[in-house]
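Chemist: To start, I am sharing the structure in question, which I have written as C-alpha cells.
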Amino acid sequence: MGYQVLSRKWRPQRFEDVVGQKHVTSTLQNAIEQDRIAHAYLFTGPRGIGKTTTARILAKYLNCQNPQDLNPCNECKNCEEITAGRSFDVLEIDGASNRGIDNIRELREVVKYPPSDGNYRIYIVDEVHMLTKEAFNALLKTLEEPPSHVIFIFATTEPEAVLPTIVSRTQRFDFKRIPLQKIIGLLRTICEAEGIQISDGALTLIARKADGSMRDAESLLDQVISFAGSDIPDESVATILGIVDYDLYIRLHSVLHERDPSGAFGILNEVLRAGYDLSEFLAGLADFWRNLLVLNATGQPDLLEIPETYHERFQSVAGEYEERDLLRLLNLTLSAQHQFRDVRNQRVFLENFLLKLVHFDSSVRIEELLSGGGASGVEGMSGTSSGTASATPKRGRQSRGGTGRNIGQKKTRVTGERHQTTPEPEADQPEENSGSANDTSNAGDPSGGNSLSLEEFQTSWEEFSEHVKREKTMLGQFLTECEPVNVSGKVLEVLFDRTLKFHMNWVRERSDEVEALIDDYFGRTVRLKCKAGDTGRTDKRTREEDAEQDPITRAIIDHFDGEIIR
Ligand SMILES: [Zn+2]
C-alpha cells in the first residue's frame with residue numbers, strides 16, 4: 001500500500017477524536033443519547049477544522065449496526081462502507097460543483113427511496129452556500145416535508161450566505177478555529193506514531209501557518225516529511241514553508257502600526273515559545289525593513305529574496321511607510337542588533353526595543369535635526385553632518401548653499417550628447433551649449449567651470465555625498481559608495497564596486513538629478529558616467545555579514561548614530 005496522506009490516515013473516526021470541537025461533538029452525543037435526531041444540521045466554520053469529518057462520524061453512528069459508547073463501531077459493514085466512501089446511503093454532495101436546480105431536483109427524487117442497508121439516507125452537502133437561489137428553493141421544499149428516513153447535514157464556511165429559511169429549518173453548530181496548542185499537540189502525536197523526529201519549534205511553525213485548520217496542518221506536515229524525510233531539521237521547515245519571518249514580521253508591522261504594545265509583546269512571546277534564536281529574530285527584522293526600503297525606493301519586488309507569494313503583501317506594507325521612516329526603523333533595529341550580544345536579559349531588552357518601535361514617530365523631525373535645526377531649504381548644509389569645516393573648493397559662479405535652491409530641483413541642460421559612450425576629447429575650451437540658449441551655468445566663469453580636476457572631485461566627493469544625503473538620503477548614500485575615477489571633457493566617470501550594481505543602476509537612472517546637484521555644488525556642468533568594476537571591496541563582504549557590512553546599512557548606522565541616536 002502506497003503512502004497515505006496524513007489527513008486521511010489520521011482522520012478521526014470517533015466523536016472524541018475530533019480536535020477542538022468538543023462543544024459540537026458532545027452536544028451531538030447528548031442528542032443521540034436522548035434519541036433526538038434532527039432532520040437537518042448546519043455545520044459552520046472555517047475550512048479544514050472538522051465539519052465534514054464530524055458529519056461522517058454522525059452518519060456512521062446513525063447507520064452503524066453496533067454503535068458503542070455513543071460512537072460508531074467502525075467495524076460493521078455499514079461503518080466500513082461509509083469510511084471508504086462506498087455507502088449508497090450516505091451521499092456527499094459538493095455544493096460548489098453541484099450548484100444548479102437540476103442537481104437538487106435529482107436529489108428530491110432520490111430521497112423518496114428508503115435506505116438500502118442502514119437506518120437513514122444521509123446527505124452531506126458541503127459548501128451549501130454555493131447553491132443557486134433556485135436550487136436553494138428546491139431544497140427548501142424537501143426540507144419542509146422531509147421523509148422520516150432522510151437526514152441532511154449541510155456544511156458551510158459562509159453561513160451568512162445561506163438562506164435564512166434554510167438555516168431556520170436546521171440545527172446549527174458553529175465549529176471553531178482550532179487553537180494553536182491543540183494543533184501542535186495532535187501534530188506531536190502523529191509524529192510520534194509515525195516515527196518522525198521534529199522539534200516543537202518546527203511544529204509551531206507548521207501549526208501557525210495552518211492558521212487554525214487541522215487539515216492544512218496535516219498537509220503541511222506531509223510536505224515537510226516528503227522533503228526532509230523522518231528526521232526533520234528546523235531550518236528545513238522554515239525553508240520549505242517559507243514562512244517564519246515574513247508572516248511574523250508582517251504581523252509585527254501591523255501591531256506597530258496600531259501602536260499596540262500588548263500585540264507586540266504577544267508576538268515576542270510567540271517567538272520565545274517557538275524557541276527562535278532571538279538574535280535571528282532581530283536579524284530577520286532588519287532584513288524586513290531593508291526589503292521594504294528597497295521596495296519603497298524601486299517598486300520592484302523581484303529584487304527581493306522573498307517568495308513570490310509575498311510580493312503583493314510586502315508591496316502594500318512598503319506603501320505605508322516613508323522612505324526615511326524605514327531608514328530609521330532599520331537603523332534602530334541594527335543598533336539593537338549590535339547591543340544585543342552583550343545584553344544579559346534578552347527578553348527585557350527586546351520588550352524595551354519593541355516598545356520603542358511601538359512609540360516610533362514618523363521621522364519628519366529627524367531631517368530638521370540632521371540639517372542642524374534649520375528645517376527649510378539648504379541653510380543647514382554648509383557643514384558636513386559631523387560638523388567639520390568645509391574644505392570644498394568653490395568653483396564656478398555658484399557657491400553651494402548660497403542659491404537658496406532646493407537640492408532636488410533640476411536644471412535645463414544640453415542632453416544631446418548623453419548617449420555617447422566614447423570618451424570625449426579633453427575640453428580646454430568652454431563647453432558648448434548649443435542646444436540651449438538659457439543654460440548659463442558657466443557663462444560667468446567659462447575657464448573656471450572647466451578647470452576642476454579629477455583630484456578635486458575625489459577630494460570633495462565624500463563631502464558632496466554627505467551634502468546630498470541630507471536632502472536625499474538614499475541617493476546621497478549611494479553616491480558615497482562610488483568614487484570619481486576619471487574626468488574627460490565634460491564626462492565625469494564614477495566607479496561602483498561590481499557587487500553594488502543595483503546601486504549603480506539606481507544612480508544611473510537619476511543621472512540628470514546628480515548632474516544638477518554637481519552643478520549646484522561644484523559649479524561645474526558634467527555628464528555623469530557610472531561604471532562597475534573591482535574596487536577591492538568585494539573580498540570583505542560575505543553573505544553572513546551582509547546586514548552589518550552592507551555599505552548602505554553600515555553608513556546608515558554611522559550616519560544616524562552620530563547624529564541622532566543617544
Ligand atoms: Zn458500525
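The values are calculated or read from the model by the stated rules, or taken from the named source; none is laboratory data. None of these values were measured; they are calculated from a predicted model. Cβ atoms come from the backbone with ideal geometry, glycine included; neighbour counts cover every protein chain shown. Side chains included, ligands, DNA and RNA excluded: accessible areas come from the protein's heavy atoms. Shrake-Rupley method; radii C 1.70, N 1.55, O 1.52, S 1.80 Å.
Chemist: Which of the numbered conditions does Val19 fail, given that it passes all the others? Conditions: (1) in contact with a helix residue (DSSP H, G or I) (Cβ under 6 Å, 6 or more places away or on another chain); (2) modelled with pLDDT of 95 or more.
Modeler: Every listed condition holds for Val19 apart from (2).
Chemist: Is it fair to say Thr204 is open to solvent by 30 Å² or more (accessible area, probe 1.4 Å), more than 15 Å from the chain's Cα centre (by Cα) and among the hydroxyl-bearing types (Ser, Thr, Tyr)?
Modeler: no
Chemist: Quick one: in the range 300-330, which of the residues that are open to solvent by 90 Å² or more (accessible area, probe 1.4 Å), of a type outside the set (S, T, N, Q) and assigned to a helix (DSSP H, G or I) is modelled with the lowest pLDDT?
Modeler: Result: Glu308.
Chemist: Determine whether Ser168 is away from the ligand (no atom under 16 Å from the Cβ) and modelled with pLDDT of 90 or more.
Modeler: Yes.
Chemist: A further question on this structure: Please verify whether the range 108-120 includes one or more residues that are open to solvent by 50 Å² or more (accessible area, probe 1.4 Å), away from the ligand (no atom under 16 Å from the Cβ) and closer than 23 Å to Ala161 by Cα.
Modeler: Yes - at least one qualifying residue is present in the range 108-120.
Chemist: Let me ask you something else. Looking at Ile82, Ile93, can you tell me which residue is under 29 Å from Ala138 (Cβ atoms), within 12 Å of the ligand (Cβ to nearest atom) and β-branched (Val, Ile, Thr)?
Modeler: Values: Ile93 fails: within 12 Å of the ligand (Cβ to nearest atom).
Result of the check over Ile82, Ile93: Ile82.
Chemist: Just to check your reading of the model, which residue among Ile93, Ile153, Ile184, Ile104 is open to solvent by less than 50 Å² (accessible area, probe 1.4 Å), more than 29 Å from Leu221 (Cα to Cα), free of Cβ contacts under 8 Å to residues at least 40 places away in the same chain and under 44 Å from the mean Cα position of the chain (by Cα)? Steps first, please.
Modeler: On the way: Ile93 fails: more than 29 Å from Leu221 (Cα to Cα); Ile153 fails: free of Cβ contacts under 8 Å to residues at least 40 places away in the same chain; Ile184 fails: more than 29 Å from Leu221 (Cα to Cα).
When all the criteria are applied, what remains is Ile104.
Chemist: Of the residues that make up the range 130-144, is at least one away from the ligand (no atom under 16 Å from the Cβ), more than 47 Å from the chain's Cα centre (by Cα) and polar (S, T, N, Q)?
Modeler: Yes.
Chemist: Now for a different question. Which residues, counting only those in the range 458-486, are open to solvent by 30 Å² or more (accessible area, probe 1.4 Å) and assigned to a strand (DSSP E or B)?
Modeler: Glu483, Val485, Asn486
Chemist: Another question, then. When you look at Val162, is it closer than 22 Å to Ala59 by Cβ, touching a strand residue (DSSP E or B) at 6+ places or on another chain (Cβ under 7 Å) and open to solvent by 20 Å² or more (accessible area, probe 1.4 Å), yes or no?
Modeler: no
Chemist: Does Leu58 satisfy being within 16 Å of the ligand (Cβ to nearest atom) and either open to solvent by 50 Å² or more (accessible area, probe 1.4 Å) or over 39 Å from the mean Cα position of the chain (by Cα) (or both)?
Modeler: Details: within 16 Å of the ligand (Cβ to nearest atom): yes; either open to solvent by 50 Å² or more (accessible area, probe 1.4 Å) or over 39 Å from the mean Cα position of the chain (by Cα) (or both): yes.
Taking the combined requirement at face value, the residue satisfies it.
Chemist: Would you check if there is a residue in the range 69-77 being more than 21 Å from Phe15 (Cβ to Cβ), open to solvent by less than 70 Å² (accessible area, probe 1.4 Å) and either out of contact with any helix residue (DSSP H, G or I) (no Cβ under 9 Å at 6 or more places or on another chain) or away from the ligand (no atom under 12 Å from the Cβ) (or both)?
Modeler: No; the residues of the range 69-77 include none that is more than 21 Å from Phe15 (Cβ to Cβ), open to solvent by less than 70 Å² (accessible area, probe 1.4 Å) and either out of contact with any helix residue (DSSP H, G or I) (no Cβ under 9 Å at 6 or more places or on another chain) or away from the ligand (no atom under 12 Å from the Cβ) (or both).
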